[in-house]
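Q: Take a look at the following structure, please.
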Amino acid sequence: MINIDAKIALRNFLAKKKLLDKAANLYRYAHIIAGRDPFREMRKSGRAPMPKTLIYEPTMRCNLNCSMCYLRTSEIAKAGELDIIQVELMIKLLPSGIEHFSITGGEPTMRKDLKDILFFIKNKKKTSVCLMTNAAAPDRLAELLEDRLLAAVQLSLDGPAEVHNAIRNS
């Protein structure tokens, strides 16, 4: 691991050379300089490693009408959903190595069988699950938390109540 002084020196050098446009560049360059380039093998072999996180959108339906959301006017929101048998088959067919599921959507709590999906993921894949939600259905969220089906919950909050409600049209 590169020490703090080396990171500062690297950042200053890159800034002088106008190579440091984003903070992410420091991370990338530090690993290469330290000889621990995580993408070296991928470039050499031409094969990408198995992702460790799977992002799954069980529904595109939503209980809000947010001003910035692409689902407001999209036909995607009206598309059909996989039934529970199709979801279970998809999860069974996933290769090993996935360590984390991130459930998003639309609003995942709109799906009546979400609890069944989460239970299946937890028991079949033995991975952590994070639910991304607008929390507009707190009773549903509380039920999922009580059943310990989630390792984490990510909430959408846009500021004080009046700002949040104006953006979310709620």
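Q: Among the residues that make up region 84-92, is at least one of them in contact (Cβ under 8 Å) with a residue 12 or more places away in the chain, assigned to a strand (DSSP E or B) and open to solvent by 30 Å² or more (accessible area, probe 1.4 Å)?
A: For region 84-92, residues in contact (Cβ under 8 Å) with a residue 12 or more places away in the chain, assigned to a strand (DSSP E or B) and open to solvent by 30 Å² or more (accessible area, probe 1.4 Å): absent.
Q: Here's another thing I want to ask about it. Condition check: open to solvent by 30 Å² or more (accessible area, probe 1.4 Å) and either farther than 18 Å from residue 51 by Cα or not polar (S, T, N, Q) (or both). Does residue 107 satisfy that?
A: no
Q: Further question on the same structure: Of 71, 54, 19, which residue is open to solvent by less than 60 Å² (accessible area, probe 1.4 Å), modelled with pLDDT under 85 and aliphatic (A, V, I, L, M)?
A: From the options 71, 54, 19, the qualifying one is 71.
Q: Please go through region 124-153 and pick out each residue that is among the acidic types (Asp, Glu) and surrounded by fewer than 14 Cβ atoms within 10 Å (Cβ to Cβ).
A: Listed by number, the residues that qualify are 139, 146, 147.
Q: Then there is this: Can you tell which of 121, 117, 76 is among the hydrophobic types (A, V, I, L, M, F, W, C), surrounded by 15 or more Cβ atoms within 10 Å (Cβ to Cβ) and either modelled with pLDDT under 90 or more than 26 Å from residue 65 (Cβ to Cβ) (or both)?
A: 121
Q: Further, regarding this structure: Which members of region 131-153 meet the condition of being farther than 19 Å from residue 168 by Cα, under 18 Å from the mean Cα position of the chain (by Cα) and in a loop (DSSP other than H, G, I, E, B)?
A: Within region 131-153, 149, 150, 151 meet the criteria.
The values are calculated or read from the model by the stated rules, or taken from the named source; none is laboratory data. Bear in mind that the values here come from a model prediction, so they are computed numbers and not experimental data. Backbone-built Cβ (ideal geometry, glycine too); neighbour counts: all protein chains shown. The area values use the complete protein model at the heavy-atom level, side chains included, leaving out ligands, DNA and RNA. Shrake-Rupley method; radii C 1.70, N 1.55, O 1.52, S 1.80 Å.
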